[in-house]
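Computed from the coordinates by the stated procedures, all read-outs in this text should not be read as laboratory data. Source: prediction; values computed, not measured. For neighbour counting, all protein chains shown are included, and Cβ atoms are generated from backbone atoms with ideal geometry for every residue, glycine included.
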Amino acid sequence: MVDSPADDGDSGPEHASTDRERPPAVLELPQVYDALCHPRRRYVCHLLSEDDRWSVAELAERIAAWEADVPGDAVTEHRRERVAVSLYHSHLPKLAADDVVDFDDATGTVTAAGNADPVLAALDGIAARLDDARTDRSDADEGE
């Protein structure tokens, strides 16, 4: 809520509210899930946990290799371009709108942004939960 002069009678500069003084918007849980709902966005976030600076070309190659389950040098140029286009036009703008990444269109550079930490923490938590479930299932299978 923005203070108005009628709130307390003090409208001095120390009480004035500007966009620069407001803390960045914090993602709510549905926004975190929405940011992670597509496998390509999850993989971008996973890669950001390894290094906080990537080029779109590097991301496209890594994601294309992961999706095809092949080494990076085995990815076709056509496949790499298709992934790069989807990153450029869909997934990176979505993550940038949620302040998870900063995307410099001029250089094609992607870096972690203000809301990257909560999204990466959620991704780590989901991965840990899945690992626990796999371990529990594996232990149960051994007991049979």
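Each residue, L29 and D105, gets one label point 7 Å from its Cα in the Cβ direction; the gap between the two is 3.6 nm. Which number comes out as Rg/Rh for the range 27-143 once both Rg and the Kirkwood Rh are worked out on C-alpha atoms? Taking Rg over the Kirkwood Rh, I get 1.04.
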